[in-house]
1. Report relative contact order for the stretch 80-171 in percent, whole number only (criteria: Cα-Cα under 8 Å, sequence separation at least 6).
2. Given H placed on each backbone N at 1.01 Å, which residues far from Asp182 in sequence or on other chains put an amide H within less than 5 Å of it?
3. Please calculate how many Å² of accessible area the stretch 154-224 carries per residue, with a 1.4 Å probe and no DNA, RNA or ligand atoms counted.
4. Of the cross-linked pairs Lys135/Lys178; Lys108/Lys178; Lys120/Lys256; Lys124/Lys256; Lys120/Lys201; Lys178/Lys222, which ones have a Cα-Cα span greater than 23 Å in the structure shown?
5. Ranked from the most accessible area to the least, with a 1.4 Å probe and all protein chains present, what is the order of Tyr37, Tyr111, Tyr180, Tyr218?
6. Using 16 Å as the cut-off for backbone N distance, which residues of the stretch 120-144 belong to the label zone defined by a point 7 Å from the Cα of Gln93 along Cα→Cβ?
7. In whole percent, what relative contact order does the stretch 80-133 give with Cα contacts below 8 Å and a gap of six or more residues?
8. Provide the packing ranking of 138-151, 85-98, i.e. peptides ordered by the mean count of other C-beta atoms within 10 Å per residue, highest first.
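The values are calculated or read from the model by the stated rules, or taken from the named source; none is laboratory data. Values in this document were obtained by computation on a predicted structure and should not be read as measured data. Using ideal geometry, Cβ is built from the backbone for each residue, glycine included, and neighbour counts are taken over all protein chains shown. Only protein heavy atoms, including side chains, enter the accessible area calculation; ligands, DNA and RNA are left aside. Shrake-Rupley method; radii C 1.70, N 1.55, O 1.52, S 1.80 Å.
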Amino acid sequence: MMERKGLNWQPATVFERNERIWLSLNCAQHGFIETLYCSNAEFFHRMSSFSINNLDQSKPPVDMEDLKERLQFSQDYSNLPLVMELPLWENGQFVSDDVIVQRIESFKRMYPPQRSFLLKVLAKLANDMAILNQKIRFVATLLPSSPIILETSYERICLLCQLEDSVFLLSNIYPALKYYLDQGNEGECQSELTQLFQHLKSFTNIQMMVTVSLNRPYPSLKSLMRFIREQVGFIRVFVISMERSPKQLLHSLSQKLSGLTVSLNRLCNSAGASIGGSNSEIVSQNRVFVDKCEVESSA
């Protein structure tokens, strides 16, 4: 490749040593070479055992884009996703009923009559719980026999529980909490979960999902896991994910923008000094751009 002669394929030997997988080859130009192929032999053997019988082997792959055309999916629709996502809040406002109908109808067309799907309703940033409750009820009328997972924050679930016509009165609605847990807030997390569970358990036979998102430095989960295990029959799915909270992301972005402002000011000062004139106009133009980024990121 360095000599622009393309790839020169050479036969290599795959072997295991010290629980690692290595490749060795004897190249006429470069001599004997060994390179680490996989650092975990068990993982390598497990991955090698998977079948690719559904891939057309009549010609070798050319591009990633070419794979989709040559994958021969069966007609049993086994490759369709189990969960489809439907956001109810986009671009600072609720999604209209017409758009909701269009999206759900498009989901239905993807599936044969004998197959169903779970619908995950996303309600992030929704600011009016009465309207949100109404939107979810409207979705439930379109899918009366399908399970609907409502993923939103702790505060929104608590507020929805307090409505007289709460969506949690419907048997096919399952609340799904996403909680961002930081180190040092373990006690507050368990206290808020206890309060939330008390609200939800006032509804007959309700069950829910809980996702706890962590970030370094990691919190202690010992007490929380013991508490979750006590909720047998109530919490059906518990997920631990690695994800920074929106607050942490905004803080990180703010720091980067602050550093960018300093760098722009230094650059403009240098440019003004080099041309021997005033640079106030240049600084002002750059500052307006940074302020716009800060406002949008805070929103």
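1. Here the relative contact order equals 32 percent.
2. none
3. On a per-residue basis, the stretch 154-224 sits at 51 Å².
4. As for pairs spanning more than 23 Å Cα to Cα, those are Lys108/Lys178; Lys120/Lys256; Lys124/Lys256.
5. I get Tyr37, Tyr218, Tyr180, Tyr111, largest accessible area first.
6. From the stretch 120-144, the list is 126-128, 131-132.
7. Relative contact order comes out at 55 percent.
8. Details: 138-151: 16.2, 85-98: 13.9.
Final packing ranking: 138-151, 85-98.
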